[in-house]
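**Student:** Take this structure first; my questions come after.
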Amino acid sequence: MGRAEARRARQGSARRAKQTDKKSGIRRFFTWKKLLGAFLGACLLGILGFIGLYLYVDIPKGNSAAKLQSNVYKYADGKVMARVGDVNRETVPLDRIPKDVQRTFVAAENKSFYDDSGVDLKGTLRGVFNTLRGQGKQGGSTITQQYVKNYYLSQEQTVSRKLQEIVISLKVDNKFKKDDILAGYINTSYYGRGAYGIQAAAQAYYRKDVEKLTVSEGAYLASLLQAPSQYDWSSATKAGKKRVKERWAYTLDNMVEMKWLPAADRARQKFEVPQAPRPLPGVSGQTSYLVKQAKQELFAQGVDESEFEAGGWTVTLGIDKNKQKALEKSVKRKLTDDLDPEKRKVDRDAQLGATSVDPKTGHIVAMYGGDGYPKHWTNNATRSDYQPASTFKPLILASAMENNAVTQDGLPITPNTIYDGRNRRPVVGGTIPFAPPNEDEHPYGKISVQTATNNSVNAVFAQMGADVGLEKIKETAVKLGMDGSKIDAKPAMTLGTMGASPLQMAGAYATLDNHGKKVTPTLVKKTMHPVNGVQTEVPLKDPIGDQVLSRRTADTLTSVLTGVVNDGTASESVQNTAYDAAGKTGTSDDNKSAWFVGYTPKLVTAVGMFGESPKGGAQVTLKGTGGGGRVNGGGYPARVWADYTESALGGSTGAEFDLETDLGAGVPPTPTPTPSKTPSTSPTPSETPSKTPSQTPSSPSGRPSDPTSGKPSDPATPTDPSSGPPTGGTDDGDTGGKPTGGKPDGESLTDFR
């Protein structure tokens, strides 16, 4: 070996020795034996820790009964409205509960109940992991764990409480028989409707004692425990009813799997629809609706239902006691005093609901739901099974302006745009043939959007719907708080054929009043509940949300809607007011509902009147109510609104709208220019002031006047092709104004085909 080769060999040996030393250093710290030892050590520490926890934690005394107390509901000023909390519970021994009914609870919640150790370790660990990740309440508990949570612990979702639950559940399972645990679980669980325990639930839902429950009824009650308020058949949404029926079927199928129910018997089972709820203890009249709505709001925001029903909560509502009384008195003065159910059967069908909102805070300051429990279970202020009719039309114009929509001739859609209002005029550019009639088949001819809004002309808004796009209109409506699941994007939607509630319509119009910033009408203003003996405030969502419409669009709509109040379909009922007002009437097909949604700078109120048969609750016509003919939005609803608004505003009647727009009836006119021989073609003509008619003034003879001369026009050569409509209402029954069909002062007639 040469000298060079020897040197290279020595260098290679040195490198290998160095690498070996480095590897040896790492292995000194991370050998597989040390890793295994560390893992086993951690496991041993965990086991010792759990043993220590098991020895340290004892089964506590039951505390549920001690926690049960009243919930207090207060007006906005802090005065008590109601105390609710008489505990509706009767503990029954297991031998009073039919065996099949007992098994429905096991089948629904914990099929391994009779064989497990009281804890589902896999499900519990998953729940702990998800709790640490901030994902809220998680399932995975056995019946034993749920019983421990109900009877021995609290409903809070923390890791320490979950560990307590595991230890106590193991001890309870070791100490008590399975039948005792099952009986405790069935008797301590909350079923909704204020019912704790299966006996109270049997009475609340099926008006019978627990011994008489069928397996089908038991399966429904067992299914309820997953989500009592969402699965209560009387108030559940369509989706909620579907889910509870699926869980009911799942429960019965599990019973077949467990060989507790023969397949033939399962096939014969029919879902037993529960009966309507009885009145809440301690509340009646309007308070019954307010308490129920407040609870629904809290549960929707994540408040645990069973924890809430255990009591100790103080709920302050936004209800102004004086405004609430004013609303109830206005309904009596302007509607119910006119009704004579003994003389006229149709008067028995009249229902009215109203929601009044402060547009600056979003809080509901007054609500009228009907006759109250037990006379009328449905809250008319929150029901959404009737059509809002023409009160939906302003949302079409709002969508047009937000989307910069144009007519078929390419002209921007504004309050000044001229449309063809001929009766049964076929819509151009739509995907489905549509040619709706105007009210009383009236042929309006060419009129501005402002005039069409004042007089609620169907032909104009049907065409506007096609121009804007039905899906875009639906999107705007949802942004304003309407329920998208009830809106079918078809041409008829432009006439307000979807379902909506006074609560939803009040929110949509409050957003207009709030310059386009979203208002979600909210009843609950503040909530306190006990945590470790200390009253703690629950964080609630702000009723005022994001900007969903531009201020220009919202303010323009307000300007336009002042024309409905001053010169349109609501003018006969809402007149000579000492305050600025805007609004829209609506009357649905077959006169089954009539509406007025109106607002001032400080108050938004939606009033809906509904025809409902006392027998079965079917929708019926309102025609003939009060001894008159058709019930229009400009009639009873507008009268109730005007009477209430005047009382509710009190000394605040001088407020004026702060509008950033140059369009609509609420904008003062520009000086009338000297008439030119050449007709004007300006697409943005001036408008009339808010307290003067937004149409061409009528002469004493009833014919429209020439705006340049002030003299009656010759009927053979009218100034406007649309001259001469009758003094009645338009579209779907809205009345109150005396429209002329003429153009606003100084407005040019840019043709639209």
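Taken together, the values in this text are just the output of simple stated rules run on the coordinates, not laboratory data. This is a predicted model, so every value here is computed, not measured. No Cβ is skipped: glycine too gets one built from the backbone with ideal geometry, and neighbour counts run over all protein chains shown.
**Student:** Quick check for me: using +1 on Lys/Arg Cβ and -1 on Asp/Glu Cβ, what's the dipole size of the stretch 537-640 about its Cα centre, in debye to the nearest 20? Could you put the intermediate results ahead of the total?
**Tutor:** Numbers: 10 positive and 10 negative charges, 48 e Å.
The dipole magnitude comes to about 240 debye.
**Student:** OK, next. Rounding to the nearest 20 debye, state how big the charge dipole of the stretch 163-296 is about its Cα centre with +1 on each Lys and Arg Cβ and -1 on each Asp and Glu Cβ. It would help to have the intermediate numbers written out before the result.
**Tutor:** On the way: 21 positive and 13 negative charges, 86 e Å.
So the dipole magnitude of the stretch 163-296 works out to roughly 420 debye.
**Student:** Using the count of nearby Cβ atoms within 10 Å as a rough guide to exposure, how do 471, 297, 572 rank from fewest to most?
**Tutor:** Ranked by crowding around the Cβ, least crowded first: 471, 572, 297.
**Student:** Here's something else I'd like to know. By a straight-distance test (C-alpha under 13 Å), which aspartates and glutamates pair with residue 479 as possible cross-link partners, with residues fewer than eight away in the same chain excluded?
**Tutor:** 402, 471, 546
**Student:** I need the phi-derived Karplus couplings for the stretch 310-319: 6.51 cos²θ - 1.76 cosθ + 1.60, θ = phi - 60°, integer Hz, Gly and Pro marked x.
**Tutor:** 5, x, x, 9, 10, 10, 9, 9, x, 5
**Student:** Let me ask something else. Taking a temperature of 20 °C and a viscosity of 1.002 mPa s, what whole-number D in µm²/s does Stokes-Einstein yield for the stretch 412-538 with Rh from Kirkwood over alpha carbon pairs? Don't jump to the answer; show the numbers that get you there.
**Tutor:** Values: Rh = 16.9 Å.
Result for D is 127 µm²/s.
**Student:** Which of 446/472; 99/178; 360/602; 242/270 have a Cα-Cα distance over 18 Å? Provide the component values of the computation, followed by the final result.
**Tutor:** Working: 446/472 26 Å; 99/178 14 Å; 360/602 8 Å; 242/270 15 Å.
From the list (446/472; 99/178; 360/602; 242/270), the Cα-Cα distance tops 18 Å for 446/472.
**Student:** Ranking 248, 641, 260 by Cβ neighbours within 10 Å, fewest first, what do you get?
**Tutor:** Fewest-to-most ranking of 248, 641, 260: 260, 248, 641.
**Student:** If you don't mind, there's one more thing I want to ask. Around residue 525, which amide H atoms from residues at least 5 apart in sequence, or from another chain, sit under 5 Å from its own amide H, with H modelled in the peptide plane?
**Tutor:** Those lying under 5 Å, H to H, from residue 525 are 316, 317, 318.
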